[in-house]
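Working notes for the structure below.
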Amino acid sequence: MGAPPALGQEVRTDPISAQPSMAQASAIRTFAIAAQPLGTALVRFSETTGIQLFFDASVARGLNSPGASGTMTAEEALRRLLAGTGLVYRFTNPTTITLQRPDVTLVPGVMQVDPVQVQGNPVPPQAVIDNLPPPYAGGQVATGGQLGLLGNRDVMNTPFNQTSYTAKKVQDQQAKTVRDALIDDPSVRASLPEGSIAADNVYIRGFVVGSNATSYGGLYGVLPTYSIMAELAERIEVLKGPSALLNGMQPFGAIGGTINVVPKRAAEEPLTQLTAGYTSALQFGGHADVGRRFGSDNQFGVRFNGVFRSGQTDVQWNNEQRAMATLGLDFRGERTRLSADLGYQYQNINGVIPYLGVTTGVPLPWAPNVRNNPGGQPWSYTQRKDLYGVFRAEFDVTEHITAYAAFGAHDTRYGDLLGGTFLTAVNFNGTATTQPQVTNSYNQSLTAEAGLRALVETGPIGHELALTATTFRQDNGSGAVTGPAYTTNFYNSVVIARPNLANPAANRNSSQAMSSWAFADTLSAAEKRIQLTAGARLQQVGSSNYNTVTGAQTSSIDQAAISPAVALVVKPWQNVSVYGNFIQGLQPGAVVPNNFTNAGEAFPPFMSTQYEAGVKVDWGKFTTTASLFQINQPSTIANVASNTLVLGGEQRNRGFELNVFGEPMEGVRLLGGLMLLDAVLTKTQGGLTDGWIAPFSPNFNLNLAGEWDLPFAHGLTVDGRVVYTGSQYIDTTYPRRSLPDWTRFDVGARYTFENTASPTGKPIVLRFNVENLLDANYWLGGQAVTFLSLGMPRTFRLSLTTNF
C-alpha cells in the first residue's frame, strides 16, 4: 500500500459497498487484516467497512498494528488494530472517524485505546470457513484467495500468480458460467465452443484444464462436470501453474492451473435479491438470491440461489435450457464452524454445435458463419444432470490451532443424440464427413479431506504449519451407438432425417482413485517481510479399466509419487512483494498399449515442474503483478528401433505475464493484462519436431476491461473490453496449419437508481452488455486437429436486479 492519507484526506470505501448507514460501526463483519504497518492496516479497515478515516500521516508513521481477524463489529476491529499504539479515536459522525495522539487536546467523545478483549466469536486467521478475504478497491477482485493446503492468503503474501474474482464482477458482467467469468484473464483461453457437446474446458498457461478439474472450496469432483453456472459462486479463483503440493493431483491430471469456486454464505444483513434477464436471440431467465441469519448471535445462516434460463440463442437451431438450485447452510459457534452446500443443476441443449476439423494435408478453411451452426442438426440434443453436496467442519483446538474436515459427493448423468460428434473437412471448400451418434454416460464421485493448520512462534521465526490427508474416487460408465456416415459442408449444412438409433446402456468402463498426504511450513521473519514456504505431498493414484459388456477388469495401475515445493516472498517495502516458487504438477502415468513390445508396462505419474518468479506492487487502490514462468511437461514417445513406448517426450512452456486490477482513479476500474508465451516441443520422436511451437499455444494474449462511473450522470457506469489472441498452430505436420489471430470487443453499461418503493431504500440495477460487438467470425481455438471451435456471434444481455 502507499503512504497513509494526510489529515483531511478521505479514505473511501470501495464502490461496491452501499452508502454508509448509521449502523455501520455496530454492524458485524468478517475481518482478515494481518499484522502490518498501521497505515496500511487502517486503509484495509476503511475498504472493508466503508467508514471514512481522517488522520495525519505522521500519526501512524513507525507504528505497527497487530491486525484484526474474525467476526466482530467495525468498532471492535478498529480497537484491535490500534491496540498497543497509544492512539485515540473519535467518531465525528456515525460514518467518519478521526485518529490522533493522546497528547493532543482531547475533545468530547474521544476514547483512549488500550488492549481489549474482543467479544463474540472471532475466526482465527488460520481458519477458512467464515474467513473470506474482503474485496479489493474496485470490488472486482478480492484481496486474497484460498491456496488449498495453506488456507487463505493475502495476495501480497501469495508466492504464486493468483486472481480471485468476486460475485459482483460476475454479476455485472452477466456471466452465465464460471468459464465466462474468466474472460478478463490473459492466461486463460476457452478451448471448445459454448452450446455444444463440449465441456467448459480452458487453457491456462498453454495447457488444457478441464471443467471437471474445478474444485469447490478446495474439493475436486464435486461441481457439475461439463458446465458450471456462475450464480453459485461467491468467488472464482484462478491459480496459474501446477499445484500438486497445494491441491493434490487434479482428476485427469491438468497442470496448467487450478480453478476454485468459493460457495456463497449468508451475510449479516438480510438479502432478498431478484434478477430478471434476457439474452439474444430469444432467451429469458431469472435468478433469486436469498440469505438470512438466525439465532441469538446470528450463528445460523441460510443462503439460497435459484436460476432458470431458457430459449433460442443467436445460433441456428441452438436452444438452451438451464436450471440451478443451491442451498448453503452454516453454523458459527464459539470454537466450531460448520457448513453444508447442496446443489442441483440441469442443462439441455437442442441444435447442438458440433466440433469442426480438417484432415491431414487439407488447408484450414475460412471460419464459417457460426450463426448458421455449421454441420448442426435441428433434432440433435444433449442433456446433463448434476446432483452434489459438500459438508465441512472446523474446530479451533486453541486460538492458534484449527482442525478441519470435509466430505463431498457428486452424481452426473449425461445423454445425447448428435448429428455428428465432429465434422472433418476433406477439402478447402469445407466439404466434410461425419456420422450420427447416441451416447449415455455417468460418473459418480466421493471425496474427502482432513487436516490441521497451526500458528507457532519460535523466537523471531513464525511458523504457519499445515497438514492434510485427502481421498478421491470416481466411477465412470458410458455406452455409444453410431449411425451411417453422411456428407455435409461447413458453409452449407445438409439437414438429414433424425436417425433411428438404439439407446445404449451406460456400463462401467473405468474408475480412478487418488489419495495423498501433504505437509507444509511457512516460516516468516522481520514482521512477515520474509516468508519461506516448504513442503511435500505423497500422492497415490490408481485407475482401472473395464469391459463394458462383461464388466471384467481389463487393466489397472497403482502408482505413487512424492512432489516437493518451495516458495519465497520478500517484501523490501510493505506494498511490494518479490516472489519465486518451485512447484510440481502430477498427471496419471500411461499404460503401454498392445502394439508395443513392452505392452502392459505402467509408467509412474508424469511429474511436471514449474519455476516462477515475479513482483507485485500495491499502489493503494491499484495493483500490478509481473511474473516469469517455465513449465516442463513430460510425455511418452515411441522408440521405432525397438518398438517400445518410453517416457522421453517433453513440452516446455515459458512465459511472461502482466496483470492489473483495482481503481487507479476515483470511479475508474481496470482489470486484465497480457501474456507472452513461448511453448516449444523439446524432446520429440527422433528429434524431428524439436523446437517447434506446440499446437494451440498463441504467443501473445491481451485482455483489458475497464469501467467508468460517469461523473456527470450519477449512477451510470459504462464499460468495455478488448480480447486479443495471437495465431496458433493446430498440428505438428509440415506444412504447418494455424488459426489466424483474432480480436473481440465487448461494451456495456449499467445504471443504479434508488428504489423509491422500497422502505429500505435498496437500489435497483439495470445492466446491458454486448459481446463480440463487431460480430466477427473467427476460429476460437481447439484441442486437436479435429476438435476446433468457432467464436460466438454478437450477443446482447439485459438484466434488472432488485433488492428487497
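Points to keep in mind about this one:
Results for (1) in a strand (DSSP E or B); (2) among the small types (G, A, S); (3) at pLDDT below 95; (4) open to solvent by 20 Å² or more (accessible area, probe 1.4 Å), shown as yes or no for each residue.
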| position | (1), (2), (3), (4) |
| --- | --- |
| E334 | no, no, yes, yes |
| R337 | yes, no, no, no |
| A340 | yes, yes, no, no |
| G343 | yes, yes, no, no |
| L356 | yes, no, yes, no |
| G361 | no, yes, yes, yes |
| W366 | no, no, yes, yes |
| P378 | no, no, no, yes |
| Q383 | yes, no, no, yes |
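- Test: residue in the stretch 731-747 that is in contact with a strand residue (DSSP E or B) (Cβ under 8 Å, 6 or more places away or on another chain), surrounded by 14 or more Cβ atoms within 10 Å (Cβ to Cβ) and more than 24 Å from L677 (Cα to Cα): yes
- Filtered residues of the stretch 395-406 (kept if open to solvent by less than 20 Å² (accessible area, probe 1.4 Å) and touching a Gly at 6+ places or on another chain (Cβ under 9 Å)): T402, A406
- Members of the stretch 473-487 that are open to solvent by less than 70 Å² (accessible area, probe 1.4 Å) and over 33 Å from the mean Cα position of the chain (by Cα): V481, G483, Y486
- All positions within the stretch 172-189 that are in a loop (DSSP other than H, G, I, E, B) and either open to solvent by 20 Å² or more (accessible area, probe 1.4 Å) or over 18 Å from N161 (Cα atoms) (or both): Q174, A175, K176, V178, R179, I183
- Some residue of the stretch 490-510 being under 24 Å from the mean Cα position of the chain (by Cα), farther than 27 Å from L356 by Cα, of a type in the set (S, T, N, Q) and assigned to a strand (DSSP E or B): no
- For the stretch 688-703, the criterion of being part of a strand (DSSP E or B), in contact with a Lys or Arg (Cβ under 9 Å, 6 or more places away or on another chain), at pLDDT 95 or above and surrounded by fewer than 16 Cβ atoms within 10 Å (Cβ to Cβ) is met by none of the residues.
- Matching residues, the stretch 763-785, being open to solvent by 40 Å² or more (accessible area, probe 1.4 Å), closer than 30 Å to V208 by Cα and of a type outside the set (D, E): L773, L774, N777, Q783
- Here R371, R392 are screened, and the one residue that is open to solvent by 10 Å² or more (accessible area, probe 1.4 Å) and in contact with a Pro (Cβ under 8 Å, 6 or more places away or on another chain) is R371.
- Conditions (1) touching a Gly at 6+ places or on another chain (Cβ under 8 Å); (2) surrounded by 17 or more Cβ atoms within 10 Å (Cβ to Cβ); number of the one not met by E650: (1)
- Flag if G620 is open to solvent by less than 40 Å² (accessible area, probe 1.4 Å), within 24 Å of T163 (Cα to Cα) and out of contact with any helix residue (DSSP H, G or I) (no Cβ under 8 Å at 6 or more places or on another chain): no
- The stretch 517-534: number of residues that are open to solvent by 20 Å² or more (accessible area, probe 1.4 Å) and not aromatic (F, W, Y): 10
- Any hit, the stretch 751-761, residues being in a loop (DSSP other than H, G, I, E, B), β-branched (V, I, T) and either surrounded by 17 or more Cβ atoms within 10 Å (Cβ to Cβ) or touching a Leu at 6+ places or on another chain (Cβ under 8 Å) (or both): no
- Long-range neighbours under 6 Å by Cβ, at least six apart or interchain, first residue more than 19 Å from T431 (Cβ to Cβ) within the stretch 367-396, second outside any loop (DSSP other than H, G, I, E, B) and of a type in the set (D, E): T382/D416; L387/D411; V390/D341
- L677 assigned to a strand (DSSP E or B) and either farther than 26 Å from R797 by Cα or of a type in the set (D, E) (or both): yes
The values are calculated or read from the model by the stated rules, or taken from the named source; none is laboratory data. All of these numbers come straight from a predicted model, not from anything done at the bench. Methodologically, a virtual Cβ is constructed for each residue, glycine included, from the backbone with ideal geometry; neighbour enumeration extends over all protein chains shown. Heads up: the accessible areas ignore ligands, DNA and RNA and are worked out on the full protein's heavy atoms, side chains in. Shrake-Rupley method; radii C 1.70, N 1.55, O 1.52, S 1.80 Å.
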